[in-house]
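What follows is one structure encoded as structure tokens, with my remarks underneath.
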Amino acid sequence: MSQHQRPTGGSAGESLEVHALEVADPAVLPFVTGTFDPIGPPATAAFPHRHSFYEIGPVTGGRGAHVVDLTPYDLASPYLYALAPGQVHHWQDAEALAGRVLLFTEDFLLPHPGDAAVVRSLSARPLRPAPDEYAALRALLAELDREYRGAAHGRVSILSSYPHILLLRPARLPGPPARPRSWPTASAT
């Protein structure tokens with residue numbers, strides 16, 4: 001579902017791996033969704049990396065932290081994150097990670113070009129939706145998944161609407177943002 005690209009060469013410091021989105025026919029559907037396991041090991045990479053695509057991830061279970069641009073966030077569910085291309089992230093000490101992953105390219109945002117700014121806004125503040133808010137998002141994700149797995153007429157048009165809704169609903173949530181996890185401190189002995 002995503003492909004690793006390790007940059008060659010580089011400047012001072014370590015180069016970061018870049019993950020690119022691989023789909024069967026990107027001209028038709030530059031979009032992938034599924035749970036963490038079917039997406040594969042890149043979906044739960046424990047090393048810092050960047051993407052060339054957007055990612056939205058509602059996390060429903062697991063332990064550890066999601067580190068985004070050097071800030072770790074506890075994985076207490078529900079946890080909803082968004083990533084824009086170029087952001088650095090990884091999963092730290094993650095165990096039993098559960099939830100969904102939506103991956104899509106800039107092309108998928110063409111019907112709603114303002115959504116790129118919404119992703120960037122959400123990427124700066126992962127959310128912890130209240131139970132009723134999260135239930136509504138889960139229902140929306142279930143509909144998206146049904147449409148994605150089907151082959152009905154108008155599928156691409158309908159699918160392109162779901163990320164738009166999935167971005168706008170969390171952007172207007174009054175719920176608190178996820179609190180950053182404190183970095184462990186070394187004890188003086």
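Values in this text are rule-based calculations from the coordinates and carry no lab data. Keep in mind that what you see is a predicted model, and the values were worked out from it rather than measured. So basically every Cβ, Gly included, is an ideal-geometry build from the backbone, and we count neighbours across all protein chains shown.
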- Summing +1 for each Lys or Arg and -1 for each Asp or Glu, what net charge is found among the other residues whose Cβ lies under 14 Å from the Cβ of residue 86? -2
- Note on the structure: With +1 at each Lys and Arg Cβ and -1 at each Asp and Glu Cβ, the charge dipole magnitude of the stretch 18-171 around its Cα centre, to the nearest 20 debye, comes out at 200 debye
- Query: Relative contact order for the stretch 29-185 using alpha-carbon pairs under 8 Å, separation at least 6, rounded to a whole percent?
  - Reply: 27 percent
